[in-house]
Amino acid sequence: MNTGEFLTMVRERTNLRTDDEARSACESVFDALRLCVPRETSDQVAAELPRELKDVWEGSWLERAVESFVSPEEMNLDMFIFRVQDRAKLEDRKETEQVVRAIFLALHDQLNDDVEQKLVFQLPRDIREFWQSAVPTPTQQAMEGQVSEYAGAYPLPPHTGGEEPEAPSQPEEFVEGKYDSGAIGPAAAEVYRSDQQVRNEIEELLDASDEVDASTVNVEVKQGQVTLNGTVRSNTEREAAARVASDALGATVIQNDLQVSEPT
């Protein structure tokens, strides 16, 4: 289907009155879905959409740049619904769930079976179950049977049973690898990276730098705080190492303990 048909399908199943409202809702749902799955899957979904909706799915260049460095978010259904409701400025949860179901169903009609199964299988469990409740029974059966081919490469998100946790409140203490929109632009919210992800990026940046001999620099990261140890040949190289490390997304503090080696 083309973009107009997709938006009409969404409007017919919701209280949205105009294509602009439907497009805004799609942008909100697409954004939340995109954050839940690996970049490879996101690109495969985008390739199945008509051109205008592909642009909506992919988001801004800044969002794409940030997402290329981060792993899929651990998001439960409550967080997913809240994110959509807040971004699309919908009235309440009931209306938001109606909109999400309509867009899930439109995506089901748009995507080929392989891409849909891969997308849905990689969603967190309760979001996946919400998708399955929105689409026709044959697709639910496919998720239970044919989708097993993805089980090895794309393991299910962890689930310990019981109720899903509530969306976390804004933490006050230092959070591992956290940076917010003040650091990366107004289009992004808050992003979390593991210390290992931050360390790996810093090491790659140092290796690629012509200003630093990375072989003598050791990188440690704890809760986003970076410590550089080792030796360098000059104060210029010492300052360059700290500057390069600060370019890593999620690096919140740089502790430069590098020593300048004695000339021989």
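Quick note: the coordinates plus some simple rules give every number you see, no bench work behind them. Just so it is clear, the model here is predicted, and its values are computed rather than measured. Don't worry about glycine lacking a Cβ; one is built from the backbone with ideal geometry, like all the others, and counts go over all protein chains shown.
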Next item on the list: With r as the distance between the Cβ atoms of Ser261 and Gln98 and R0 = 51 Å, compute the FRET efficiency 1/(1 + (r/R0)^6) and round to 0.05.
Entry: 0.20
Notebook entry, point to check: In terms of the Cα gyration tensor, with a ≥ b ≥ c the square roots of its eigenvalues, is region 192-260 rounded because a/c is under 1.5, prolate because a/b exceeds b/c, or oblate?
Noted result: prolate
